[in-house]
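Enquirer: One structure is given below, represented as C-alpha cells, and several questions about it will come after.
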Amino acid sequence: MIIADLIDWFEGWANPTWQEKWDNCGWQIEPGVLNQSARVLVCLTPTLAVMEEAIALQKAGTEVNLIFAHHPLIFNPLKSLRTGEAITEITRLAFSHQIGIYTAHTNFDQVQEGTADILATLLKLKQVTPIVPTGANLGYGRVGELTPTLTLAELLAQIQTLLNPPSLIISPTADLEQTIDKVAVLGGSGASYISDVVKTGAQAYLTSDCKFHQFQESRDRGLILIDAGHYATERPACKFLVTKLTALGLEWVNLSKKDEDFRYFFQQCKST
C-alpha cells in the first residue's frame with residue numbers, strides 16, 4: 001500500500017475535519033513520499049529522538065518513510081526556523097531523508113477504536129458510551145460498567161498493571177475498599193470534562209494532567225479522580241494503531257522505541 005492510499009484509508013476512519021479549531025491534524029511534513037510503499041513508525045509525539053530512530057532504521061536497511069504520530073509537530077503557524085531548534089532539525093532531516101510526518105490528534109480521540117475506546121477496552125468496560133458525544137459514533141471520553149465490580153484498590157492495581165504509569169495520583173479522601181461499578185476514561189488532558197463525567201454517574205474517572213483545584217472539585221462532587229499521566233493514558237492507542245495498520249498488510253510498521261514521557265519522577269533514596 002502506498003502512503004497516499006494509507007492516508008486516504010485512515011481519513012475515511014478518523015476524518016481530520018473532526019479536529020478542534022485549535023488543533024492541527026493531518027500532514028505536518030510531506031517531503032514527496034505519497035507514492036512510496038508505506039513503511040511506518042508510529043509514535044505518540046514526533047520528537048527529534050523519534051526522527052533519529054527512523055533514520056537509524058533506514059541506515060540498518062528498513063526504509064522508513066512515514067512517522068505517524070498522535071500529537072502534532074506544529075500547533076501554531078511558525079514564525080521562523082532557526083538553527084539549534086528541534087523543530088528546525090526535524091524539518092531538515094524529514095526532507096533530507098524523505099520521511100513524512102502525519103498526525104491524528106483530536107480526530108483520533110473521538111473516533112471508535114481511538115484513544116478513549118482503547119482505555120475502555122483495556123479496562124473491559126461494558127455498555128460503553130462517550131462522555132461527550134460529538135456526532136454519530138463519535139465523542140470525547142468513554143464511560144462504562146465494570147463487570148464484575150472491583151474495589152477501588154483493585155481498580156488502581158489493574159490500571160497500574162495495564163498502563164504502567166510512573167505514578168498514580170488519586171483523590172486523597174478516596175476509600176480504597178469502595179466498590180466501583182461505573183468508570184469514565186479519557187486519554188490525555190481530560191480535567192476539563194469533570195462536570196460532564198459527574199453527569200454520567202461514574203464513580204471514578206481515569207485521565208491525566210489534572211491540577212490541584214481540579215482534584216478539589218472532583219472530591220467536592222463525589223468523583224474519584226485518577227491521574228495516570230498523559231503518556232500512559234495515550235500510548236496504548238499508539239500500540240493498537242500498529243496492530244490496525246499491520247492488518248492492512250503494510251510492508252513494514254512498528255511502534256517507536258524512542259517515544260518519551262517527558263516526566264521523570266525522582267525518588268530520593270532514604271539513608272538507613
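Enquirer: Calculate how many DSSP beta bridges within the chain are antiparallel, expressed in % of all such bridges and rounded to the nearest 5.
Expert: Looking only at bridges with both residues in the chain, the antiparallel portion is about 50 percent.
Enquirer: What lysines sit close enough to LYS124 to cross-link, taking a C-alpha to C-alpha distance under 18 Å and skipping anything fewer than 8 places away on the same chain?
Expert: LYS182, LYS239
Enquirer: Determine how many Å³ per residue the convex hull of the Cα atoms of segment 3-105 encloses.
Expert: Values: hull volume 9.7 nm³, N = 103.
Residue-normalised Cα hull volume stands at 95 Å³.
Enquirer: Where both partners of a DSSP beta bridge lie in segment 151-272, what percent of those bridges are antiparallel, to the nearest 5?
Expert: 25 percent
Enquirer: Report, in cubic angstrom per residue, the convex hull volume of the C-alpha atoms of segment 166-272.
Expert: 172 Å³
Enquirer: Something else about it: Out of the DSSP beta bridges found with both residues in segment 3-105, what percent are antiparallel (nearest 5)?
Expert: 25 percent
Enquirer: 5 Å is the cut-off here: which amide hydrogens, built 1.01 Å from N in the peptide plane, fall below it relative to ARG39, excluding neighbours closer than 5 in sequence?
Expert: Here the answer is ASN65, LEU66, since their amide H atoms fall under 5 Å of that of ARG39.
Enquirer: Considering every pair of different Cα atoms, what Kirkwood radius, in Å, is found for segment 112-232? Show your work: numbers first, answer last.
Expert: On the way: mean 1/r = 0.0717 Å⁻¹.
Evaluated on segment 112-232, it is 13.9 Å.
Enquirer: Still on this model: How large is the charge dipole for the chain, taken about the Cα centre, if only the Cβ atoms of Lys, Arg (+1) and Asp, Glu (-1) carry charge, to the nearest 20 debye?
Expert: 300 debye
Enquirer: R0 = 35 Å: FRET efficiency of ASP220 with ARG263, Cβ-based, nearest 0.05?
Expert: 0.85
Enquirer: Okay, moving on. Specify the angular offset, from 0 to 90 degrees and rounded to the nearest 10, of the alpha carbon long axis of helix 152-163 from the longest principal axis of the alpha carbons in the chain.
Expert: Result, in degrees: 10.
Enquirer: If you don't mind, there's one more thing I want to ask. Given contacts defined as C-alpha pairs under 8 Å and at least six residues apart, what's the relative contact order of the chain, whole-number percent?
Expert: Values: 517 pairs, mean separation 54.7, N = 272.
So the answer I get is 20 percent.
Enquirer: Please work out the Cα center distance from segment 119-155 to segment 216-240, rounded to the nearest Å.
Expert: Cα centroid to Cα centroid, the span is 12 Å.
Enquirer: If packing is taken as the average count of other Cβ atoms within 10 Å, what order do 184-194, 61-71, 218-228, 23-33 fall into, highest mean first? Spell out each step's value before the answer.
Expert: Working: 184-194: 23.3, 61-71: 20.7, 218-228: 19.2, 23-33: 17.4.
Put in order of decreasing packing, that is 184-194, 61-71, 218-228, 23-33.
Any read-out appearing in this document is the output of simple, stated calculations on the displayed coordinates, not a laboratory observation. Note that the structure is a prediction, hence the values are computed from the model and not measured. Don't worry about glycine lacking a Cβ; one is built from the backbone with ideal geometry, like all the others, and counts go over all protein chains shown.
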